[in-house]
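Enquirer: Next up is a structure, given as structure tokens.
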Amino acid sequence: VCHICSMYVTQNLTNNGGKHVGGKYYHMVDDLRSFKLSDPDVGQLRCLLYGPISAGKSSFINSVNNVFQSRTTSGALVAIDGGFSFTTTVSCSRSGEKRLPFAFNDVMGLEQNKNGLHPDDIINALKGHLPEGYENPSLSDKTHCLVSIVSADKISRMPEDVIAKMKNIRAEASKLNIPQVVVMTMPDKACELVNKDVKRIYYSKAIKEKLGLPMNCILPVKNYHEEGMLDNDMDILILNAMTQIMNFANDYLWNLQQHANQKNKKY
């Protein structure tokens, strides 16, 4: 085991019977395509993606699109090298002609000092105040799940002020009862075992310690970057992450609906 992996919990991607989980691929895709929202008036579950620069936010959006379109895509522009944030616009995910039951809000990366997006802008986006001009956002416009994108190979070198910004955003999301997850990208760059075999994926204890999230909210994926063809093992990780995100977001909608029903009964 490489020395970096001592920071992580390794998991081999097999089910209880020893059969590779790749057999679940089509079932997972169909379940997500036909996902039923707790509130039918909300057209899509809206996921807000944020994190440090070069963490793989746009690559994650493209990777999700790859899985649902069964081909490589490039809907969200991706920065080739590190540096200042590349992503500056809000993007939504669609699958061919049929709209998926979820959408992504992709924002600029968090940077040191006063560079990059200000945390207050992300907090406003949580409430549905996006650059599209929504003055009175509906539930459909608001964020239903906050998704932190963090690169596994840069966790130990993440600047303290960036961590502080992320914790500030998380605290505001908690006040709004918005569910939160971390999508951990680039595990192959942090661990040689994963680089050789993506099925030897792991969950980062370092992320848990730095950001204060439970392990079941840390979702490891390997994004598509330079691959010319789709890979079943990579797809399973992406589908697993999206299933967890969708379930959390839908639970949030259900809780809001229950609260509204109880409030209406009082009157």
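The values are calculated or read from the model by the stated rules, or taken from the named source; none is laboratory data. Keep in mind that this is a model prediction, so the values were computed, not measured. Areas reflect the complete protein model, heavy atoms only, side chains present, ligands, DNA and RNA absent. Shrake-Rupley method; radii C 1.70, N 1.55, O 1.52, S 1.80 Å.
Enquirer: Taking a threshold of 32 Å on the Cα-Cα distance, which of the pairs Lys24/Lys265; Lys154/Lys175; Lys57/Lys265 fall above it? Write out the running numbers ahead of the final one.
Expert: On the way: Lys24/Lys265 43 Å; Lys154/Lys175 28 Å; Lys57/Lys265 42 Å.
Too far apart for the 32 Å limit: Lys24/Lys265; Lys57/Lys265.
Enquirer: Let me ask something else about it. Sequence-distant or interchain residues sharing an amide H contact under 5 Å with Ile149, placed H: which?
Expert: So Ile149 has HN proximity to Tyr50, Gly51, Val183.
Enquirer: In addition: Going by accessible area, probe 1.4 Å, with all protein chains left in place, what is the ranking of Ser70, Ser148, Ser138, largest first?
Expert: Details: Ser70 85, Ser148 5, Ser138 55 Å².
From most accessible down to least: Ser70, Ser138, Ser148.
Enquirer: Strictly over 19 Å apart at the Cα level, which of Lys165/Lys222; Lys127/Lys165; Lys127/Lys210 would you flag in this model? Numbers along the way, then the final one.
Expert: Values: Lys165/Lys222 25 Å; Lys127/Lys165 17 Å; Lys127/Lys210 25 Å.
Those over the limit are Lys165/Lys222; Lys127/Lys210.
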